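Visitor: Got a structure here, written out as structure tokens. Questions coming.
The values are calculated or read from the model by the stated rules, or taken from the named source; none is laboratory data. Model, not experiment: these values are computed from the prediction. All Cβ positions, even for glycine, are placed from backbone atoms using ideal geometry, and neighbour counts span all protein chains on display.
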């Protein structure tokens with residue numbers, strides 16, 4: 001009788017242990033990589049639970065999952081991708097998700113109604129080109145002012161404005177609340193991250209992917225991760241700021257040796 005009860009208890013505990021992963025939610029953290037393209041605002045949806053999040057400026061995301069849930073990744077510039085949550089993913093502190101570029105190929109392009117002959121000098125003379133209308137050609141104010149990013153606009157709205165006489169009679173409370181709650185500080189960090197991301201992308205754009213593969217021995221699917229590895233180096237900003245491509249390349253070569261050793265890519 002006692003043995004039967006112990007057996008039932010053991011079976012019950014095994015059932016609870018095996019079922020826990022299926023019933024209890026776990027926050028999965030990951031990072032999306034896009035072969036050098038923008039990885040911000042990629043939609044990550046748990047189609048099993050119906051919950052969804054979007055990635056930040058460098059592709060990070062965190063979403064609740066259970067074992068065997070299906071994640072769906074989508075963005076205009078990438079092919080859609082699905083991942084089924086496995087036990088290894090549940091145990092991992094961070095997963096990397098690599099998305100493929102979406103290329104919309106056209107079978108045929110027909111130039112009408114221009115009836116081009118193929119003679120460039122003749123065709124250029126026959127085509128009537130309308131004047132380009134832009135803010136600068138129209139002479140609009142602030143035509144050459146660089147537009148603010150979304151993060152910069154949010155920070156501008158949240159931060160305390162410059163002092164003016166009207167503030168004596170009507171003190172702006174929202175900036176004060178934002179400062180107390182830490183929202184202003186958070187937005188400043190987001191602006192800094194945006195600038196860092198743009199800087200890293202500009203460096204990567206100096207060299208084609210094949211150079212990373214052939215010269216630095218970095219697999220094409222790891223290029224974005226390698227660039228992030230370089231980005232967090234304390235000397236990255238100073239090297240990039242001088243805008244000397246040879247020195248930047250030497251920096252990348254040195255970092256590639258360390259990256260390959262750390263990731264056992266030799």
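Visitor: State all residues of the range 229-244 that are more than 9 Å from residue 255 (Cβ to Cβ) and surrounded by fewer than 16 Cβ atoms within 10 Å (Cβ to Cβ); if no residue qualifies, say none.
Guide: If the condition is that a residue be more than 9 Å from residue 255 (Cβ to Cβ) and surrounded by fewer than 16 Cβ atoms within 10 Å (Cβ to Cβ), then 232, 234, 235, 237, 238, 241, 242, 243, 244 are the ones that fit.
Visitor: Determine if the range 195-213 includes at least one residue that is outside the structural domain of residue 57 (by TED's automatic domain parsing), at negative phi and more than 23 Å from the chain's Cα centre (by Cα).
Guide: First, pick out the residues of the range 195-213 that are outside the structural domain of residue 57 (by TED's automatic domain parsing): 195-213.
Remaining after also requiring at negative phi: 195-213.
Then drop every residue that is not more than 23 Å from the chain's Cα centre (by Cα), which leaves none.
No; the residues of the range 195-213 include none that is outside the structural domain of residue 57 (by TED's automatic domain parsing), at negative phi and more than 23 Å from the chain's Cα centre (by Cα).
Visitor: Right, another one. Answer with yes or no whether residue 145 is modelled with pLDDT of 80 or more and either within 30 Å of residue 235 (Cα to Cα) or not assigned by TED's automatic domain parsing to the domain that holds residue 254 (or both).
Guide: Working: modelled with pLDDT of 80 or more: no; either within 30 Å of residue 235 (Cα to Cα) or not assigned by TED's automatic domain parsing to the domain that holds residue 254 (or both): yes.
So residue 145 fails the test.
Visitor: Are there helices (runs of 4 or more DSSP H) fully within the range 190-246 with at least 1 residues that are touching a strand residue (DSSP E or B) at 6+ places or on another chain (Cβ under 9 Å)? List them.
Guide: Details: elements: 209-214, 223-231, 236-241.
The helices (runs of 4 or more DSSP H) meeting that bar are 223-231.
Visitor: What number of residues within the range 75-98 satisfy the criterion of being surrounded by 11 or more Cβ atoms within 10 Å (Cβ to Cβ) and more than 21 Å from residue 27 (Cα to Cα)?
Guide: Adding up the residues that qualify gives 5.
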